[in-house]
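Nothing in this text is a laboratory measurement; each read-out follows from the coordinates by a stated rule. Please read all numbers here as calculations on a predicted model, not as lab measurements. Note: ideal-geometry Cβ built from the backbone for every residue, glycine included; neighbour counts use all protein chains shown.
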Amino acid sequence: MADITSRLEAVKEGIRKLSKLAGDEQAEAARQLAAKLGTDLDRVAAEAPAQPSTTPLPKKAPPLVPRHEETRCPVCSLRSFTYQKGTMRESVDSDTGFEAFYHCLSCGHEAWHEAVPN
């Protein structure tokens, strides 16, 4: 916040200097414009702390493969629920933060399954 305020103050000072450079025939108009812009900048500086900071969070890169590439199928209970390569993605719903697409080689069941990173 202090950084924004100091930058706005520098802009205000530049506007004041610019208004002083105006010729005699437009000096009054330049001073009025400088005053209006200064008031606008003060308003922006006052509103800046009220707005929450929206710094984007860094994204986690998905691991290349899950720890368990083959697991027990939830439908047929055979150990043929196989990870499909290249299907890892981020997941908001899982505890690990990642999920992968699995396909059962026995019964054909397919589903997204929580992936424990390797």
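Rounded to two decimals, the Cα-based Rg/Rh of segment 56-117, with Kirkwood Rh, is 1.02. Site pair E28 and L64 shows an inter-label distance of 7.6 nm when each label is modelled 7 Å from Cα along Cα→Cβ.
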